[in-house]
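Working notes, structure below.
The values are calculated or read from the model by the stated rules, or taken from the named source; none is laboratory data. All values reported here derive from a predicted model rather than from experimental measurement. Every residue, glycine among them, receives a Cβ derived from its backbone with ideal geometry; neighbour counts consider all protein chains shown.
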Amino acid sequence: MCCLVAGWMLAQMLYLGGLAQDRAQDALYTEFRGELAAGTAPIGPVVEVGRPVATLSIPHIGVHQVVTEGTASGDLLGGPGHLRNTVLPGQLGTSAVFGRASTYGAPFARIGELVRGDQINVTTAQGARRFKVIGVRRAGDPLPQPRPEGASRLVLVSGEASAARLPSLSPGRVVYVDAEADEAFPTPAGLPRVVPDPEQAMGTESGAVMPLLTLCLGLLLALTLGVIAARQRFSTAVVWVVATPVVIAVAWLTTDVVMRLLPNLM
Amino acid sequence: MKQRMRLLATALLGVTVTLPAAVGIGGTATAAADGDAPAYSQTKHLDRTISVQGQEIEIDSRDMTVTVDRTTQLRGRERVNISWTGAHPTGGRSSSPFGEKGLLQEYPVVILQCRGLDDPSLAPDKQLAPETCWTSSRAQRTQVADDSEAAWRHDKYASDAQRAQKFGLDPIPAECNDVATFSTRITPFRAANGTVYASCTSETMPPEAAVGAAFPPAEQAAFSDLEGNGHTKFEVRSDVENESLGCNDTVACSIVVIPIQGISCLDDDAACSRGGQFEAGSNNFSSQGVDLTASPTLWWSESNWRNRFSIPITFGLPPDACTVLDDRAPTGFYGSELMSQASLQWSPSFCLDKKRFKFQHNKMADAAGFTLAENGGGAAAFVSSKHTVKGTDPMAYAPTAVTGFSIGYVIDRPGNAGEFTDLKLNARLVAKLLTQSYLGSELGRGHPGMSANPVGINLDPEFQKLNPGLDTITREAAATLLSLSESSDVVQSLTEYIAQDRSAMEWVKGKADPWGMKVNPSYRKIKLPVAEWPLLDDYVPTTNDECRQQNPTPYFTQLAAPVNSIRKIAEAILDAWPNVQTRCDRSAVTDPWKIGRVDRQGVGTRFMFGVVSMGDAERLGLDQASLATRSGYVAPTTAGLTKALRLAEPSKEGDEPFTLDMAQMVRKNAYPGTMIVYTAARTANLPEEDAAKVAQFIEVSTTEGQREGYGNGELPPGYVPIKKAGVTAPLWKQAQAVAKEIGEQSGATSTDTGGGDGGGTGDGGAVDGDGAGAGTSGASDPGPGSVSEVGDNGTGDEPADQGDGEDEKSTDDRAGGKKVKDEEQELVAMPPTTEVSSPVAERILPLLLLVALISAIGANLVRLRHLRRSRG
């Protein structure tokens, strides 16, 4: 049982979540493309959480992602998220984009490998911008120089292993990649001043998630009991055929909920 | 018997004379130029005669004495103490003496503020008259009555014209809708600019008397007790508050006290010679009609008006005097609002002296002011505690004023017995108010975890034990302490007071008090002290109320509704206008509901608290609570503050703030709200010009600025003077030393980039990073430093960004003008990235893997053993 639970979680975080993330990205891309064409894509300052706001591609490490609004753990399941109290990428000011380092497709797994001068291409409702990486920053490194007047800055944020053991499985500390573009789009006024804790780096959601989790676990329990009861009446094959997809669906859902309780950058 | 009465009267006179001194914080007593003598005291003989069958009979005769504690250098909204003896006892007292609400009384003492002086030798437009006396309602100026009821038409002292059927305006304007057959008497109001307001309907009143005016009525019809004594606080208005009345430092004004004595009658007229319906000392809660002849409505009738006591008053310079009189650019000092009353009086003494500079105090959060002073945005800061230096330049602190916070309040005793003036609070009661643990109303009852708590503090047995005899009406304002919304050393000090008290902290941590009251779960285990009080409760009550359904707002936050300045709190208490935001309102039935501030509290049932500065409280005449210490309750008096100063320990360096330990103050029975305000400035890299100004300011303010008084450059009450000798000597010495240090700019910068140029620019760089951080949330944002800091850096709105940029440039120029104008970006020392890490993120995946592997192996082992056993 333990093996099943732990194994399933591991599998979903590392592989199955990637499938879900791919699917979400496809849907987001279609949506965002439509919005760009129709001119209805958001330009800030306040965007509904979960809406796509930009596409991001980093050729050097092969990242092509749609960035959505919001950086809470749940928001990052579908792809990189934009920190809500910063300007949108490409606008005048500094923008921050968070992405997962090892689970759910791990879009930002390799941002630590970027070097000075690498390109980051961003497309938003206001147009396309090409950023040049200034450098990779970890705890203790000095912040980059003050932003030149009229420039736009982009900070990619993700997790990274602090020790050499299991580097792809223990993204415990935060890594930042600073990039800059010389020209910037205008920024609309009225940006929120602060974001709640769950949306900060390594933030975790709690509170609101608990009832949902209880419900999911309850469902799983009921399913288990149901399967046991059904096995006494029907043949094993029938029970397995009927129950397996339901169990997988509920387990999948439950893991998604559990993910929201875990740090957002892992 | 008569002799005894007189003895009693003189004794009471003595009491009332010394009362203002006792009410004031010690300072008042010595501030008065000639010892304890009141600023104004006069005795007059009053009488009233009526006519019975053509024969004149004197029915009343008395000597009345009026004393006023302060008449010079007043400021707008300041309250003066007026007391009197020997008046006619008041009957049918109304609960509120103010404005129109005070009219239904008999034999009160009417107190008005009038423009002009009572001096027949002056030009007519400089003299006072009923036409220049301010009243806020039509009823106080215009009487229309049936001829048989028009008591004023039988006034013995009035002229024939005044006794005519119509008097006041000729012809009576059409908008007055005058009834030709009735007697009409109009006292129009003549405004300072010459406009005459007919004042016969509410539309023809001056604009300041409009319905829902910014300030509540100040004029009163105060009561005299059974012995004929009385006391009240009268609020004066300058032309800032009341332009039509127009009193200021150049236009002379008077307070006019008119004892209502009843009309002396010329002939046998029933309406005129009535003696009043109410017994002396009785109340008129139900607003029944009174005998017009003895009512304050007829204050303008000659019989009453001739008995007036005219007290000439002078106003101090208006708050904007320096802006008007001095066209030099001001030098800004930023920070603590505790200084505001002192700076109000100090600034003219700087700007009107060409040898000094133009001093300007900009009030803001202490931390923000300190940051400005540190990074070059301002010359100096006013702070009252030690702040962390974020840049590279050293800062020095010069003690400038000794004052503090207090809990101001306005509470009425039940049964029209006047104001309650002896409030005692302890740390746990303050904690209960701050943590929003009173329910406020039945709406709060549904809050989980505290449904058994009292609705308001006046229903809390702990409070009732300390302050017996108050009412038990439930009101939302009694559930809250109006406090500051922004970061401030005052909030820090107030929460330190809670934090040092064991029983209060145990209660905050979740232990119920002896009466079963529990802390609001949203605030349980909150870490104290804090500089900024957080609003943590998010309980939204479920009701059927349409307005609340349309505006779902956290209820306890609406009750607390903190404001951003201490002055606003003081004025809210002065007006008895709680900032509770629970009033539902809509202009029409089809409009959506809006939530707004509740109404002003009615006099008689006022009950509200707020955190105020001692300077404001003294200026506006607010009552201040005594706070619990180890053995007793200490009021914010000079004695209480001085005791605290004895405990202040100077820093080792000699230019840092004194240590004023809250626990020690409480142990030694000093006033816990004592705070020392410092002028903090850089001792290196401050431009020479600014350095000289700051040094001059410290020198002047700690010498001539510490003389007590109300004049320019003097120290108002609410502050303890810092003197060369006595308990304040160490403060004085440090101030002089720091003034010298700042003037010389000899401090060593802690820069490690080396070279004067580098030091200068390094400073500019710090502006950009830290300044932006402080601007958003008081520099206390614990979030993942690097992201939000970098974010803020650019997200600041454009003007601010540009301002920073300019600042940077000017700093560079000051640093020697050596800046090379090439395109290459100079290197700026940036703070390091803050560490953010999550052990959960680091360990969960390996852990899951481990668990999966071990349990897989374990399961297989178990199965293997099973198989072997079944075979065996």
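Would you please name the residue that is surrounded by the fewest Cβ atoms within 10 Å (Cβ to Cβ), looking only at residues in the stretch A:157-168 that are more than 8 Å from every other protein chain (Cβ to nearest Cβ) and touching a residue at least 40 places away in the same chain (Cβ under 8 Å)?
Looking at residues that are more than 8 Å from every other protein chain (Cβ to nearest Cβ) and touching a residue at least 40 places away in the same chain (Cβ under 8 Å), I get A:SER168.
Which ones in the stretch B:612-625 are of a type outside the set (Lys, Arg) and in contact with a Pro (Cβ under 9 Å, 6 or more places away or on another chain)? Full working, then the answer.
Narrowing the stretch B:612-625 to residues of a type outside the set (Lys, Arg): B:612-618, B:620-625.
B:MET614, B:GLY615, B:ALA617, B:GLU618, B:GLN624, B:ALA625, listed by residue number.
Conditions (1) in a helix (DSSP H, G or I); (2) surrounded by fewer than 20 Cβ atoms within 10 Å (Cβ to Cβ); (3) in contact (Cβ under 8 Å) with a residue 60 or more places away in the chain, marked per residue:
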| position | (1), (2), (3) |
| --- | --- |
| B:GLN341 | yes, no, yes |
| B:LEU344 | yes, no, yes |
| B:SER347 | yes, no, no |
| B:LYS354 | no, yes, no |
| B:PHE357 | no, no, yes |
| B:GLU374 | yes, no, yes |
| B:SER385 | no, no, yes |
| B:PRO399 | no, no, yes |
| B:SER406 | no, no, yes |
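Checking B:SER631 against (1) within 30 Å of B:ALA478 (Cα to Cα); (2) at pLDDT 90 or above; (3) more than 19 Å from the chain's Cα centre (by Cα), which test does it fail?
B:SER631 satisfies all of (1) within 30 Å of B:ALA478 (Cα to Cα); (2) at pLDDT 90 or above; (3) more than 19 Å from the chain's Cα centre (by Cα) except (2).
Can we say B:VAL52 is touching a residue at least 40 places away in the same chain (Cβ under 8 Å), among the aliphatic types (A, V, I, L, M) and over 24 Å from B:GLY418 (Cα atoms)?
On the way: touching a residue at least 40 places away in the same chain (Cβ under 8 Å): yes; among the aliphatic types (A, V, I, L, M): yes; over 24 Å from B:GLY418 (Cα atoms): yes.
The answer is yes for B:VAL52.
Looking at (1) more than 14 Å from every other protein chain (Cβ to nearest Cβ); (2) buried (at least 24 other Cβ atoms within 10 Å of the Cβ), which is the only condition A:VAL87 fails?
Single failed check for A:VAL87: (1).
I'm told A:LEU223 meets every condition in (1) surrounded by fewer than 19 Cβ atoms within 10 Å (Cβ to Cβ); (2) outside any helix (DSSP H, G or I) except one. Can you identify the failing condition by its number?
(2) is the only condition that A:LEU223 fails.
Could you check B:HIS88 against (1) in a loop (DSSP other than H, G, I, E, B); (2) surrounded by fewer than 19 Cβ atoms within 10 Å (Cβ to Cβ) and say which number it fails?
(2)
I need a count of the residues in the stretch A:50-80 that are free of Cβ contacts under 8 Å to residues at least 24 places away in the same chain and either within 12 Å of another protein chain (Cβ to nearest Cβ) or closer than 20 Å to A:LEU261 by Cβ (or both).
0
Hey, does the stretch A:27-36 have a residue that's in contact with a helix residue (DSSP H, G or I) (Cβ under 8 Å, 6 or more places away or on another chain) and either of a type in the set (Asp, Glu) or crowded, with 21+ Cβ neighbours inside 10 Å (or both)? Give the steps one after another, and end with the answer.
If we filter the stretch A:27-36 for residues that are in contact with a helix residue (DSSP H, G or I) (Cβ under 8 Å, 6 or more places away or on another chain), which is where we start, we get none.
No.
Can you find even one residue in the stretch A:191-202 that is assigned to a strand (DSSP E or B), touching a residue at least 24 places away in the same chain (Cβ under 8 Å) and within 11 Å of chain B (Cβ to nearest Cβ)?
We begin by selecting, within the stretch A:191-202, every residue assigned to a strand (DSSP E or B); these are none.
No, the stretch A:191-202 contains no residue that is assigned to a strand (DSSP E or B), touching a residue at least 24 places away in the same chain (Cβ under 8 Å) and within 11 Å of chain B (Cβ to nearest Cβ).
Among the candidates A:PRO171, A:PRO142, A:PRO188, which residue alone is facing chain B (nearest Cβ under 7 Å), over 20 Å from A:SER73 (Cα atoms) and at pLDDT below 90?
Details: A:PRO171 fails: over 20 Å from A:SER73 (Cα atoms); A:PRO188 fails: facing chain B (nearest Cβ under 7 Å).
The unique qualifying residue is A:PRO142.
Output the helices (runs of 4 or more DSSP H) that fall wholly within the stretch B:453-546 and possess 2 or more residues being at pLDDT 90 or above and polar (S, T, N, Q), or say none.
Working: elements: B:461-466, B:489-499, B:502-508.
Result: B:489-499.
Just wondering, is there one or more residues in the stretch B:214-226 that are assigned to a loop (DSSP other than H, G, I, E, B), in the same structural domain as B:ASP63 (by TED's automatic domain parsing) and aromatic (Phe, Trp, Tyr)?
Within the stretch B:214-226, one or more residues are assigned to a loop (DSSP other than H, G, I, E, B), in the same structural domain as B:ASP63 (by TED's automatic domain parsing) and aromatic (Phe, Trp, Tyr).
Yes/no matrix, rows are residues, columns are (1) away from every other protein chain (no Cβ under 11 Å); (2) modelled with pLDDT of 90 or more:
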{"position": "A:THR123", "(1), (2)": "yes, yes"}
{"position": "A:VAL133", "(1), (2)": "yes, yes"}
{"position": "A:ARG147", "(1), (2)": "no, no"}
{"position": "A:VAL155", "(1), (2)": "no, yes"}
{"position": "A:ALA181", "(1), (2)": "yes, yes"}
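Tell me whether the stretch A:203-214 contains one or more residues that are within 11 Å of chain B (Cβ to nearest Cβ), modelled with pLDDT under 90 and out of contact with any Leu (no Cβ under 7 Å at 6 or more places or on another chain).
Restricting attention to the stretch A:203-214, the residues satisfying the condition of being within 11 Å of chain B (Cβ to nearest Cβ) are A:203-204, A:207.
Adding the requirement that they be modelled with pLDDT under 90 leaves A:203-204, A:207.
From what's left, out of contact with any Leu (no Cβ under 7 Å at 6 or more places or on another chain): A:203, A:207.
Yes, because at least one residue in the stretch A:203-214 is within 11 Å of chain B (Cβ to nearest Cβ), modelled with pLDDT under 90 and out of contact with any Leu (no Cβ under 7 Å at 6 or more places or on another chain).
Just checking, which of B:ALA401, B:ALA396, B:ALA342 is closer than 22 Å to B:ASP661 by Cα, under 24 Å from the mean Cα position of the chain (by Cα) and not polar (S, T, N, Q)? Step through it out loud before you land on a result.
Values: B:ALA396 fails: under 24 Å from the mean Cα position of the chain (by Cα); B:ALA342 fails: closer than 22 Å to B:ASP661 by Cα.
Answer to the selection: B:ALA401.
Examine the stretch B:154-161 for a residue that is farther than 27 Å from B:GLU208 by Cα, assigned to a helix (DSSP H, G or I) and hydrophobic (A, V, I, L, M, F, W, C), and state whether such a residue exists. Step through it out loud before you land on a result.
Of all residues in the stretch B:154-161, those farther than 27 Å from B:GLU208 by Cα come to B:154-161.
Checking which are assigned to a helix (DSSP H, G or I) leaves us with B:154.
Okay, now just the ones that are also hydrophobic (A, V, I, L, M, F, W, C), so none.
No: zero hits.
Yes or no: A:VAL115 more than 14 Å from chain B (Cβ to nearest Cβ), assigned to a strand (DSSP E or B) and of a type in the set (A, V, I, L, M, F, W, C)? Outline the logic, then answer.
Numbers: more than 14 Å from chain B (Cβ to nearest Cβ): yes; assigned to a strand (DSSP E or B): no; of a type in the set (A, V, I, L, M, F, W, C): yes.
Taking the combined requirement at face value, the residue does not satisfy it.
I'd like to know if the stretch B:291-300 contains one or more residues that are assigned to a loop (DSSP other than H, G, I, E, B) and either touching a Ser or Thr at 6+ places or on another chain (Cβ under 6 Å) or not assigned by TED's automatic domain parsing to the domain that holds B:LYS44 (or both).
First pass over the stretch B:291-300, keeping only residues assigned to a loop (DSSP other than H, G, I, E, B): B:291, B:295, B:299-300.
Then drop every residue that is not either touching a Ser or Thr at 6+ places or on another chain (Cβ under 6 Å) or not assigned by TED's automatic domain parsing to the domain that holds B:LYS44 (or both), which leaves B:300.
Yes, the stretch B:291-300 has at least one match.
Go through the stretch B:104-145 and give me each residue that's out of contact with any strand residue (DSSP E or B) (no Cβ under 7 Å at 6 or more places or on another chain) and among the acidic types (Asp, Glu).
Answer for the stretch B:104-145, where residues must be out of contact with any strand residue (DSSP E or B) (no Cβ under 7 Å at 6 or more places or on another chain) and among the acidic types (Asp, Glu): just B:ASP125.
For A:THR255, are the conditions met, namely being part of a helix (DSSP H, G or I) and either away from every other protein chain (no Cβ under 14 Å) or in contact with a strand residue (DSSP E or B) (Cβ under 8 Å, 6 or more places away or on another chain) (or both)? Working first, answer last.
Details: part of a helix (DSSP H, G or I): yes; either away from every other protein chain (no Cβ under 14 Å) or in contact with a strand residue (DSSP E or B) (Cβ under 8 Å, 6 or more places away or on another chain) (or both): no.
When the stated conditions are applied, A:THR255 does not pass them.
So how many residues does the stretch B:47-78 have that are in a strand (DSSP E or B), under 39 Å from the mean Cα position of the chain (by Cα) and buried (at least 19 other Cβ atoms within 10 Å of the Cβ)?
So the answer is 6.
Given B:ALA151, B:ALA252, B:ALA221, B:ALA214, which one is within 29 Å of B:THR71 (Cα to Cα), aliphatic (A, V, I, L, M) and more than 26 Å from the chain's Cα centre (by Cα)?
Values: B:ALA151 fails: within 29 Å of B:THR71 (Cα to Cα); B:ALA221 fails: more than 26 Å from the chain's Cα centre (by Cα); B:ALA214 fails: more than 26 Å from the chain's Cα centre (by Cα).
Selected residue: B:ALA252, the only one of B:ALA151, B:ALA252, B:ALA221, B:ALA214 that is within 29 Å of B:THR71 (Cα to Cα), aliphatic (A, V, I, L, M) and more than 26 Å from the chain's Cα centre (by Cα).
In the set B:VAL851, B:VAL862, B:VAL828, which member is under 48 Å from the mean Cα position of the chain (by Cα) and either modelled with pLDDT of 70 or more or within 11 Å of another protein chain (Cβ to nearest Cβ) (or both)?
Working: B:VAL851 fails: under 48 Å from the mean Cα position of the chain (by Cα); B:VAL862 fails: under 48 Å from the mean Cα position of the chain (by Cα).
Only one candidate qualifies: B:VAL828.
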